[in-house]
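Chemist: Have a look at this one before I ask anything.
None of the figures in this text is laboratory data; all of them are computed from the coordinates on show. The shown structure was predicted, so the numbers you read here are calculated from the model rather than taken from an experiment. All Cβ positions, glycine included, derive from the backbone under ideal geometry; neighbour counts span all protein chains shown.
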Amino acid sequence: MHAADVARRRAEEEAVEQRPAEEAGVPPELESVLSLQRAAGNASVVRMLWGGGSAPVREGPATSEADEAVARSLARAVAARNAVKQPDAGAEEPEVETGDFEPLDDEEEGAELEGEQQLAPAGSPALTRWPWGSGSGTKAKTAKPPKAPTMTSKTTFRAPDRSSKARTTIAVGEQVAFKGSKAGTWAADAGLPVTGASGKTFVWTAPDRAASATITLTVGTQTVAKTMTVVEPTSITGSKVGSDLSFPAGDQGAGMRLRFKYSPLNVSFGNIEVKEVSGPATNVTGYYSGLPAADLWHDSGDLFTRIGKDNKDTAIDTASFTGDPPPWTDGGWDWVIPNNFKTITEGGDGKQFTTVTQSFFLEGPPKVGRSKVTKAGVSTAWRSP
Amino acid sequence: MIQTRLSAEPASLTMDTRDRLRLTLSATNVGTEIVDPELHRAQLTVNGRRSRAFALAVGNGKRESKWYALPPGDTVSMTWSTLGERLLAEPGDYTLVLTHEGRDAEPVTVAVEP
């Protein structure tokens, strides 16, 4: 080595020696290595680094000159390692403080990544300076308004007309599950529950009577709402079950079994019950006109029966009359039967929503004793004794 | 085969309490197969006179499925609580007999005081 070079290098090393190792560019983790080297004496290391046998050999701890040489060498190795970002196989995982947070859905994760990318795009000066960069090149964090929450809904029952479970027209007592894009607080201005615990889902039951109900999800300062139209049953249609009823030969009579279906069919009445209300006969004619009113009274039993999710009654109805003695003449009567509904969680007598007419017919000569019953749009055949 | 039974409670009434009468028809399938008991055919006589009110009551209305298909050993029943004033027109002693498929069930008696 040239004498001038040696002198310049010596001056640089002396300048470095007067600063703390960290300030001189020696990473803190190397300080322990240097300490060990000092304690053990590192003349051989110094000789190796300086090359040849020109390095000074001293007794006792290594000199600061030797320390500096070791430090520079190790620092170069560390720098080289960090430049290719190879993980140290023996190193422990760094402890990262994460804090508690709720998992984000895809949309939210996308938003979060977008925010991070604005702070430190790949290949930016801020990233390449890390970990020794001062951070002065980091872009200012730009506040971006959070995305407004969205809401979807799904009814528990599918309507008989197969319309979507995402429908917003529902029956009294129907259950609907709402789902928000983000967790928040829920509220309903009708039905139950009125409020929901903070979360992404809200299971709600429509009120007992027709209404317009609005379900609201609030996330921070943002809200999203959905209005549900709640409808009551409006009408009943009947269909015959099996063939007409049989009676002993010679006996007057006619009858049938039928099942009722409740409309509208674009909602499910699976959470209601319906009953026929007892009442008097009307339009009494001919053969029956002279009878006491009590004899023709309609005694329905006044029992509520559950409606299936397909809007069909779970119970089968019987409509019949028999046993009227000869001589038979023309005659008949009607029962105009009030029908009440109530939801399965409701008490009391319910609410009338329609009437169903059941009519009885008896014929005199020439088709003496023929009988027929009609109800809810269906009819028995005429039956002779 | 179907075995029917009639019960009436309470057995003693007044003219003013006739609306408290509860009349129950029970039918048991004592056979070995599921059968339709055809209970719409059941007839009730009150002091020997057929009751049209009961015939219309038993022959109309919604019923559970067993009413139409009764398993062996099973029983189905129906109670009416609005027939008292129509079956028991005036003070006196009444004998009620349920007839089904040509067989009479055990008669029951009800007394109505003025």
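Chemist: Inside 10 Å of the C-beta atoms of B:49-59, what's the mean count of C-beta atoms belonging to other chains?
Modeler: On the way: counts 0, 3, 2, 12, 6, 2, 7, 12, 6, 4, 11.
Across the residues of B:49-59, the mean count of other-chain Cβ atoms within 10 Å is 6.
Chemist: Rounded, prolate or oblate: which fits segment A:235-379 when a ≥ b ≥ c are the square roots of the eigenvalues of the alpha-carbon gyration tensor, with rounded for a/c under 1.5 and prolate only if a/b beats b/c?
Modeler: On the way: a/c = 2.70, a/b = 1.89, b/c = 1.43.
Taking the square roots of the gyration eigenvalues as a ≥ b ≥ c, segment A:235-379 is prolate.
Chemist: Per residue of A:290-298, how many C-beta atoms from partner chains lie within 10 Å of its own C-beta, taken as a mean?
Modeler: 4
Chemist: Here's another thing I want to ask about it. Can you give the average number of partner chain beta-carbon atoms within 10 Å of each beta-carbon in peptide A:307-319, as a whole number?
Modeler: Numbers: counts 0, 0, 0, 0, 0, 0, 1, 3, 6, 6, 4, 10, 4.
For this peptide, the per-residue mean of nearby foreign Cβ atoms is 3.
Chemist: So, one more: Modelled label-to-label distance, A:Q352 and B:E106, 7 Å Cα→beta-carbon offset: nm?
Modeler: Those two pseudo-labels are separated by 4.2 nm.
Chemist: At what distance in angstrom do the alpha carbon centres of segment A:297-349 and segment A:200-218 lie from each other?
Modeler: 33
Chemist: How would you rank B:V97, B:V30, going from fewest to most other Cβ atoms within 10 Å of each one's own Cβ? Kindly include the intermediate steps, with their values, before the conclusion.
Modeler: Values: B:V97 16, B:V30 11.
By the 10 Å Cβ count, ascending: B:V30, B:V97.
Chemist: Take A:V356, A:V194, A:V274 and order them by how many other Cβ atoms sit within 10 Å, fewest up front. Write down the numbers at each step before the final one.
Modeler: Values: A:V356 20, A:V194 11, A:V274 25.
So the residues, fewest neighbours to most, are A:V194, A:V356, A:V274.
Chemist: Just report the Cα centroid separation between segment A:144-197 and segment B:68-114, whole Å.
Modeler: That distance is 52 Å.
Chemist: Rounded, prolate or oblate: which one fits segment B:19-84, using the alpha carbon gyration tensor with axes a ≥ b ≥ c (rounded when a/c is under 1.5, else prolate when a/b beats b/c, else oblate)?
Modeler: Numbers: a/c = 2.14, a/b = 1.87, b/c = 1.15.
Prolate shape, in that a/c is at least 1.5 and a/b is the bigger ratio.
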